[in-house]
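Here is the structure we will look at.
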Amino acid sequence: TGLLGANGAGKTTTISMLTGLIPPTSGSATIDGLSIATQMQRIRLSLGVCPQLNVIFEPLTPVQHLEMYGLLKGLSGEGLQRTIESLLTYVMLQEKRDTESRNLSGGQKRKLCLAISLIGNARTVFLDEPTSGMDPHSRRSIWALLREQREGRTIVLTTHFLDEAEILSDRIAIMAEGSLRCLGSPLYLKDHFGTGYSLALTKQKGGAFNAPSLLAWVQKHVPTAVLVGETALEATIRLPGDDLHAFQTLFESLEPRLTELGIIDYGATCTTLEDVFLKINENSLQRLDAKTAIRTNGTTAAAVSTAESVPDPEAAQARVIDDRSSANRQALINGTATTSYAGPPASKGGAGTLFGGLVVKRALSARRDCCTTSCMVFFPVILVFLALSLLSVTAKITDTPDPMALTPDATFPSKRPSIPRPIPLLLPKNNEATLWAEELTSLGWDTADIKELPVSTNVFPNISIQLSQDLAAHPSLFMPAALAYTSDVPIIGHVGINDTVSVELTRLGVGSLLFNSTSILAVPSMVNTMYDALLTAATSNAVHIDGRMQSLPLSNKTSALISSFVSLFASIMILIPFAFVAAQFIVPLVRERESGSKQMQFISGVGPIVYWIGNWAWDGFLYLIILTCTLIVFVMRNRTEFTGTPEAIGGTTLILLLFGFAVVPLASAASFRFQSPSNALIVMIGFYFLTGFGLNIANFILQAIGGTSEDVNKVLVNLYRIFPAYCLGEGFFTMSTRQAEATLVAFGKSPPGLYDWSQLGGPLCYLFIEGVVCMVATLCLQYAESDIHFQQRLKSGFGLLGGRGVQTAAAPPATTSTVSPLPTASLPPARSRASRWSREENAQLEDPDVREERRAIDNMSTSGEAGDLALVIKHLRREFGSKVAVRDLCLRIEPGECFGFLGVNGAGKSTTFSMLTGSLVPTSGDALLQGMSILREQDAIRRLVGYCPQHDALEKLLTGREALRMYAKIKLVDPAAIEAEIEDLIQDLDLVKFADKPCGTYSGGNKRKLCVGIALVGSPQLVLLDEPSSGMDAASKRFLWTVIKRRTANCCTVLTTHSMEECEA
């Protein structure tokens, strides 16, 4: 069953619901009698899907893909291998069976996706545009495969090729605006929705063909006839109805008047499936009719609303043409009109306009990706704040703490919730210590708990023993401390006088102090309490003891060692966020490269220097914001080593500023090595982290070891400094440890200056040199990639070394020309003979018209002949190793001509376009646009060329309006005319509703429209359209054809397509 519909009709959404990718809002469906709502797991065992986009794993080969999906479908062993071999044969991928998928062509990838959908004897297969992007030959091979594989399967096919649907489908369903509008066999639909016949007329060159007069004459026989299309060579008239007698009379009357009417030949065709499709989508076509009429005739919307609705955009175009004067209409049709589209005036600006456009592009992209931009700005600031907080820990570790009062509240841990405040103090009943209760309370003790102990005497040592035993016998009674005192305890001492020892009895006061060992400062506190109580009692409360405790200060060496450890990790913590910032600069650059937007900007006329200065300017501006916020944090944290003196704040600013100066161009140079933004970001973060964290740790360890390791490290430091992240870490480590190191310097010797080579001087110099080197490397890489003169010099240099140079077409013998001569580098003799032999061999197989075209180009002898032609291609050739992609191409294209450039996949069409736009250097030959050589005057040519690539080369974060504005500035359109030019294109392309939405959210058809609009910006002299309507439905295609014909009436257009109808239109 063929499932057809315009872009956005709901085909892909329907398939997504049927395959379980998205749940339906309501309703249900069954596949093989199984419900998609409850039995999707069983359905998928016999389900095959070929999605609209190629869903493949690039590192895997076709065989590995089929093995994986075969195992998922339950196949194994010899059965799996036989299935794989048969499918590879069916889709003609046997020769590519062991080739990684990334190296397959677009058509081969579609074949692989088709084979995946068929593996496992899938009984139900959904094919979403399986032949999109294939040439007619490849499409027919896929048709044959599907006809062969349809037995025993249910296949649902979506496609925008209506001939494909008609050939492959037993039944066709057409959707419009989300609902099913009709269902039936192709014959039934054409019979039921038939619109009559189409009369195609071929004009005589220079004949008296007049469309309005001819239409009036035809309407005498068929009153409802309508002129639906007219080109320089053909005209088409729609003959509604099925009055065969009237048609017969018309043809009999037309035959003898062919010469009189300026007609060479004519033919009639009945209703096609495309006519049915257009009629079903009548609502959208009426809107496109109105849009075409407004843009072409300049009428008001009110005038259009009263016009007759015809379900064909070409019919609307015909009505508009009829409203014009005969002379203007004929000029437009013949391609000689000079006012069909005048184009915007050129700007007098140059590099400044380009620079402004590129900076605005980056600013708009950053604003759209506000989450990433915010993280990029605030994430490093927050981490720097935390890193400086860590540095504050150094002062607490190395500084001598303040004295602590020996009071119970200060010395007993306050974090233990089981110790109440004030601190409980156990006193034995009737003990002398109870007399101090009032004093103890004033010191912060709670003396309410008086313990009565079972002792006969309340004196030392019995009191101490009993207190200990009582506390041990009651473990549930948690007491922080206990105190007892005996004032008259006899102490026996021995006194020696003149070798005579005598015994002396002394009576002293003895205190018993018991404390909980979890409080390590309880003992000094209780000793202070007891002596204070004794002194207070002895002096009648006149004198008190204020006891305090303080740690001894650390030695200078120990303090410096601890500071260096903390400073190292603080420097690394500062380094981590800046590593993220430095890596983030590569993301937008690789994103532009991945999408093709970067190449499009160069093709449109941006030079390498302006492009990279624009990017560096925006990245530098963003980095200055980060730098400013970081310095504010340094000042807020009041770190004297970074901001305490003008010299220190200058050093902090310089190390951060030059780090940005180094990493911004480093990201530019590294962007040439990546194709995926996510991969680039991960690799660059890892690079900065390893070279910053790893090398700084290695440097610190080698310095700490000392001896020969320290000597080796002094040499390695110069290698470490090649990496910007190491220089940043070293700079912050040096600044944070300068104060500690100064204390260790020998007496009388001054410490080194901040900007000495061993301090910040070395890192700063290395960062500056790295920035300059990376800038030069970026420009060299860019010139090697996009500048044809630079590429020629490289190829010529390699040719001198390896015997291969740039070969250009030889000048015709015995002729003179004022056209600038071509480069005269020559091929080696053997290769030159092979080239001549190939040309002679091909000449025997070539069409006579091709040989005549080559002969005419070789015989051009005056500049006037070349100057009258818009594009002249002279023996253009391009080789990739041993493969010849383009072989001796010769063409002449006149101004106002739309030239169809057809060929199968791999024929060399896109390679030819790449050479014409300067993306590739021809191996030999040349091409002239308006008399200018693509080899020598590419810079001037690029602003005269509009290019629509095969794939959507769009910056996804820009809106359609912003993208058109950027390319208008690149094409140097006068600033006063830019907005009018943009609005005109948006109206022409029917993008009004989407113009202010990011183009990454556009449908496939709208993306193609925008790419065509970019190609048409700035009134180019040569428009290269590489499959401009790929993936668009029939109605949108016809609308786009009308726009292209109107806006390219005065320029040379080269069109590649896989739709023969599009080429004829």
Revision key, fill the gap. Scanning the stretch 463-490 residue by residue, those part of a strand (DSSP E or B) and free of Cβ contacts under 8 Å to residues at least 60 places away in the same chain turn out to be 482, 483, 484, 485, 486, 487, 488, 489, 490
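Suppose we filter 36, 56, 84, 15 for residues that are over 20 Å from residue 110 (Cβ atoms) and either crowded, with 19+ Cβ neighbours inside 10 Å or in contact with a Ser or Thr (Cβ under 8 Å, 6 or more places away or on another chain) (or both); which single one remains?
36
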Practice item. Could you please let me know if residue 659 is closer than 19 Å to residue 376 by Cα and out of contact with any helix residue (DSSP H, G or I) (no Cβ under 7 Å at 6 or more places or on another chain)? Key: no
Exercise for review: Name the residue, out of 25, 30, that is surrounded by fewer than 13 Cβ atoms within 10 Å (Cβ to Cβ), without any contact (Cβ under 8 Å) to a residue 12 or more places away in the chain and farther than 28 Å from residue 164 by Cβ.
Suggested key: 25
Review point. Within the stretch 1030-1051, how many residues are farther than 17 Å from residue 9 by Cβ and part of a loop (DSSP other than H, G, I, E, B)?
Key: 5
Check your understanding: Within the stretch 542-591, how many residues are at pLDDT below 70 and among the basic types (Lys, Arg)?
Key -> 1
Exercise for review: Check 516, 462, 458, 528 and return the single one that is surrounded by 12 or more Cβ atoms within 10 Å (Cβ to Cβ), at pLDDT below 85 and closer than 29 Å to residue 402 by Cβ.
Suggested key: 516
Review point. Considering only the stretch 637-652, how many residues are modelled with pLDDT of 85 or more and closer than 18 Å to residue 382 by Cα?
Key: 1
**Study point:** Given (1) free of Cβ contacts under 8 Å to residues at least 60 places away in the same chain; (2) touching a strand residue (DSSP E or B) at 6+ places or on another chain (Cβ under 7 Å), index of the condition residue 950 fails
**Key:** (1)
Check your understanding: Can you find even one residue in the stretch 38-53 that is in the same structural domain as residue 8 (by TED's automatic domain parsing), among the small types (Gly, Ala, Ser) and more than 30 Å from residue 904 (Cβ to Cβ)?
Key -> yes
Point to revise | Selection status of residue 918, of a type in the set (Gly, Ala, Ser), in a loop (DSSP other than H, G, I, E, B) and in contact with a strand residue (DSSP E or B) (Cβ under 8 Å, 6 or more places away or on another chain) | key: no
Revision key, fill the gap. Of those in the stretch 42-60 that are more than 21 Å from the chain's Cα centre (by Cα) and among the β-branched types (Val, Ile, Thr), the residue modelled with the highest pLDDT is 49
Exercise for review: Tell me, please, whether a residue that is free of Cβ contacts under 8 Å to residues at least 40 places away in the same chain, in contact with a Leu (Cβ under 9 Å, 6 or more places away or on another chain) and assigned to a loop (DSSP other than H, G, I, E, B) can be found in the stretch 923-930.
Suggested key: no
**Study point:** Leading residue by the ranking (surrounded by the most Cβ atoms within 10 Å (Cβ to Cβ)) among those in the stretch 230-253 that are among the small types (Gly, Ala, Ser) and at negative phi
**Key:** 235
Point to revise | Residue check for residue 132: at pLDDT below 80, surrounded by 15 or more Cβ atoms within 10 Å (Cβ to Cβ) and either over 33 Å from the mean Cα position of the chain (by Cα) or not in a strand (DSSP E or B) (or both) | key: yes
Practice item. Could you run through the stretch 656-702 and say how many residues are outside any helix (DSSP H, G or I) and not polar (S, T, N, Q)? Key: 1
Exercise for review: Return only the number of the condition from (1) at pLDDT 85 or above; (2) touching a strand residue (DSSP E or B) at 6+ places or on another chain (Cβ under 8 Å); (3) within 15 Å of residue 526 (Cα to Cα) that residue 403 does not satisfy.
Suggested key: (3)
Exercise for review: Only one of these is in contact (Cβ under 8 Å) with a residue 24 or more places away in the chain and assigned to a helix (DSSP H, G or I): 653, 628. Name it.
Suggested key: 653
**Study point:** Lone unmet requirement of (1) in contact with a helix residue (DSSP H, G or I) (Cβ under 7 Å, 6 or more places away or on another chain); (2) modelled with pLDDT under 80 for residue 445
**Key:** (2)
Review point. Does the stretch 703-711 contain any residue that is surrounded by 18 or more Cβ atoms within 10 Å (Cβ to Cβ) and assigned to a helix (DSSP H, G or I)?
Key: no
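Within the stretch 187-205, how many residues are within 21 Å of residue 129 (Cβ to Cβ) and either outside any helix (DSSP H, G or I) or modelled with pLDDT of 85 or more (or both)?
0
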Exercise for review: Looking at (1) crowded, with 20+ Cβ neighbours inside 10 Å; (2) over 26 Å from residue 897 (Cα atoms); (3) not acidic (Asp, Glu), find the lone condition where residue 1000 falls short.
Suggested key: (1)
Check your understanding: All but one of (1) within 30 Å of residue 1050 (Cα to Cα); (2) at pLDDT 85 or above hold for residue 260; which doesn't?
Key -> (2)
Exercise for review: Have a look at 176, 232, 208 and point out the one that is of a type in the set (A, V, I, L, M), closer than 18 Å to residue 278 by Cα and at pLDDT below 85.
Suggested key: 176
Review point. What number of residues within the stretch 637-679 satisfy the criterion of being more than 25 Å from residue 588 (Cβ to Cβ) and in contact with a Phe, Trp or Tyr (Cβ under 8 Å, 6 or more places away or on another chain)?
Key: 8
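The values are calculated or read from the model by the stated rules, or taken from the named source; none is laboratory data. Remember, it's a predicted structure, so these values are computed and weren't measured experimentally. Every residue, glycine among them, receives a Cβ derived from its backbone with ideal geometry; neighbour counts consider all protein chains shown.
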